[in-house]
Amino acid sequence: ITNTKARLISSQIEVLPQLEMIWWILDGETPPETSRIFALRRLPTTTGSNRIKLIDNQEAIDFLVTNKPVLSYHYARTPVPAGVSELYRRGGYIHPLHAPSGDVVTRIQPPDHYHHYGVWNPWTHTEFEGKEIDFWNLHKGQATIEVMNIPSVTSGDIFGSLRAIHEHIVKSDSTHSEDRVALNEQWELRVWGTKVQQGAWIVDLSSTLSCATESPLIIKKYRYQGFGFRGIKEWDDETVNLLTSEGHDKSNANATRARWCDISGPTESGTSGITFMTHPTNFNFPEHLRIWPIGSNQGKENVFLNYNPAQDRDWKLRPGVTYTLKYRMIVYDGRMSSDQANKYWNDYAHPPVVTRGTN
């Protein structure tokens, strides 16, 4: 393992899939450009004692670590409040996202933006077969997103994960009498049993995009779209702390690039937050942020974040090619320092490399 600090991360597990369980002891520090050798040995496992559990409640899949709720992924179309247009119904999103304390840090269907859904990933301005299509502002009736079939799931002591297919559907119009799928998106959502910062949750989201027809889909340059987060109503200009990897805060982070963005604020149990991280392999890395700056939404209930790879340029998705965007969320109680956030981002972006020895 060669890195500034030895730490267990996903690639160490995935290169040795034949081991049911791995025990690791990575004490001390490894100076840069040096190596340390560790021995891996097989340990017995107990059937049915999975640390990470996934429970299907017929509308959503709940992730639990040691029986504590982490998040729910909704695959069914969620009903809307009474009197609200049915156009706002959709699935394929994360809510609630819990801090380790159990407090919720996401929000769906707020009255100011009924199309906001916790953690979700729609595109606002796209071009498909010569027409502009909006998959974000659902009330326009141009398009929607639906989950194809019940997601496949995996659970165990190291991580729990699911895979789901989101169909981006262009609705029928005067030219086409039937709805058409323009874009397929595969979500891989993974919750790790690894602990950092007093038991914070580590959640990885991978979004793989591919054209569903022989026609390309162009994600047009626009200020907001892509990976999105809507915070709880208690978070606003006065209560939230926002900091990016480049040192920007809520007043000036909008339209800047950032490797990570940390957001924290008051919850029922005290203070909780999320550090959002983007991966170096993403298109237009590090992506621009869309942050609601101070004063947005009348200064109330106004914590919103996008990682937007197409804020300053068009992104053309071509048939027969796949495109993957990767993000990590570290969800914690208390506060996250910039030093900690930099360390965790480096672990995510530049993980240790594990090779099989000869002994």
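The values are calculated or read from the model by the stated rules, or taken from the named source; none is laboratory data. Because the structure is predicted, anything quoted here is derived from the model rather than measured. Glycine gets a Cβ as well: all are built from the backbone with ideal geometry, and neighbour counts include every protein chain shown. What goes into the accessible areas is simple: the full protein's heavy atoms, side chains included, and nothing from ligands, DNA or RNA. Shrake-Rupley method; radii C 1.70, N 1.55, O 1.52, S 1.80 Å.
May I ask you to say which residue of Gly226, Gly231 is under 19 Å from the mean Cα position of the chain (by Cα) and closer than 30 Å to Gly320 by Cβ? Give the steps one after another, and end with the answer.
Working: Gly231 fails: closer than 30 Å to Gly320 by Cβ.
Result: Gly226 is the single residue among Gly226, Gly231 that is under 19 Å from the mean Cα position of the chain (by Cα) and closer than 30 Å to Gly320 by Cβ.
Restricting attention to the stretch 77-116, which residues are farther than 14 Å from Trp201 by Cβ, of a type in the set (Gly, Ala, Ser) and open to solvent by less than 30 Å² (accessible area, probe 1.4 Å)?
Within the stretch 77-116, Gly91, Gly92 meet the criteria.
Quick check on Asp333: is it open to solvent by 20 Å² or more (accessible area, probe 1.4 Å) and more than 19 Å from the chain's Cα centre (by Cα)?
Judged against the criteria, Asp333 is not a match.
It is to be established whether one or more residues within the stretch 261-268 are open to solvent by less than 10 Å² (accessible area, probe 1.4 Å), under 24 Å from Trp201 (Cβ atoms) and of a type in the set (D, E, K, R).
As a first pass, look at the stretch 261-268 and keep what is open to solvent by less than 10 Å² (accessible area, probe 1.4 Å): 261-265.
Applying the additional criterion that residues be under 24 Å from Trp201 (Cβ atoms) yields 261-265.
Now drop any that are not of a type in the set (D, E, K, R), which leaves 262.
There is at least one residue in the stretch 261-268 that is open to solvent by less than 10 Å² (accessible area, probe 1.4 Å), under 24 Å from Trp201 (Cβ atoms) and of a type in the set (D, E, K, R).
Identify all residues within the stretch 187-244 that are modelled with pLDDT of 95 or more, touching a helix residue (DSSP H, G or I) at 6+ places or on another chain (Cβ under 9 Å) and in a loop (DSSP other than H, G, I, E, B); write none if there are none.
Asp236, Asp237, Glu238, listed by residue number.
Run down Ser155, Ser251, Ser245, Ser207 and say which single residue is touching a residue at least 40 places away in the same chain (Cβ under 8 Å), surrounded by fewer than 19 Cβ atoms within 10 Å (Cβ to Cβ) and within 20 Å of the chain's Cα centre (by Cα). Let's see the steps before the verdict.
Numbers: Ser251 fails: within 20 Å of the chain's Cα centre (by Cα); Ser245 fails: surrounded by fewer than 19 Cβ atoms within 10 Å (Cβ to Cβ); Ser207 fails: surrounded by fewer than 19 Cβ atoms within 10 Å (Cβ to Cβ).
Exactly one residue qualifies, and that residue is Ser155.
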